[in-house]
Amino acid sequence: MTLTGDRQDIANALSTVTGVTGYAYRPTTPKMGDAWPLLSSLENVGSATFEITWRVLVFLPQNEQASSEWIDSHVDALVDALLPIGYVDRIEPIALSGSAGDQYVLQLTMRGE
């Protein structure tokens, strides 16, 4: 199992979506459309085979209406881009607390082996 390779595969897939730049790890200063995976869990499903759950975060516009419109126009392409790597179970907009206040991100939870 090479999680580093999985991270890069996810980043590469995200970068195929117009308006999205994928990173293997969170960029220092994320901008709208920047996206990166976070390992959520590894579950042993037998014989040293693990099901991997990833949380993929996509930095959204910081205006609520613009954020909603961005999600509406990108969510299908994001799911399609990630499909060869894993199955997207859940999509939800969330606010991350930061030094500059809450920051809007789209969180996609996906599974893969």
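Per-structure values
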{"item": "Degrees separating the helix 3-14 axis from the principal Cα axis of the chain, which is the longest one", "result": "40"}
{"item": "Selection of GluC sites (Glu not before Pro), segment 1-82, meeting DSSP coil and at most 12 other Cβ within 10 Å", "result": "none"}
{"item": "Separation of the Asp72 and Arg111 label points, Cα + 7 Å toward Cβ, nm", "result": "3.2"}
{"item": "Degrees, to the nearest 10: 64-82 long Cα axis against longest axis of the chain", "result": "30"}
{"item": "Largest to smallest accessible area among Tyr87, Tyr104 [probe 1.4 Å]", "result": "Tyr87, Tyr104"}
{"item": "Cα-only radius of gyration and Dmax that characterise the chain, units Å", "result": "14.0, 47"}
{"item": "Dipole magnitude of segment 1-98, debye to nearest 20 (Cβ charges: Lys/Arg +1, Asp/Glu -1, about Cα centre)", "result": "360"}
{"item": "3J(HN,Hα) from dihedral phi, segment 19-28, Karplus parametrisation 6.51/-1.76/1.60, rounded to Hz, x for glycine, proline", "result": "x, 10, 10, x, 10, 6, 9, 3, x, 4"}
{"item": "Most fluctuating residue given options Thr49, Thr16, Thr29, as computed from a GNM of the chain linking Cα atoms under 10 Å", "result": "Thr29"}
{"item": "P(r) tail fraction, segment 1-63 - alpha-carbon pairs more than 14 Å apart, %", "result": "57"}
{"item": "Cβ-Cβ FRET estimate between Leu38 and Gln62, R0 fixed at 25 Å, reported to 0.05", "result": "0.80"}
{"item": "Area of Leu83 that stays accessible when all protein chains are in place (1.4 Å probe, Å², to 10)", "result": "110"}
{"item": "Candidate residues Phe50, Phe59: accessible-area rank, largest first, probe 1.4 Å", "result": "Phe50, Phe59"}
{"item": "Protein accessible area in the chain, 1.4 Å probe - carbon and sulfur %", "result": "49"}
{"item": "Solvent-accessible heavy-atom area per residue, rounded to whole Å², over the chain at 1.4 Å", "result": "56"}
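The values are calculated or read from the model by the stated rules, or taken from the named source; none is laboratory data. Model, not experiment: these values are computed from the prediction. All Cβ positions, glycine included, derive from the backbone under ideal geometry; neighbour counts span all protein chains shown. Protein only, heavy atoms only, side chains kept; ligands, DNA and RNA dropped before computing areas. Shrake-Rupley method; radii C 1.70, N 1.55, O 1.52, S 1.80 Å.
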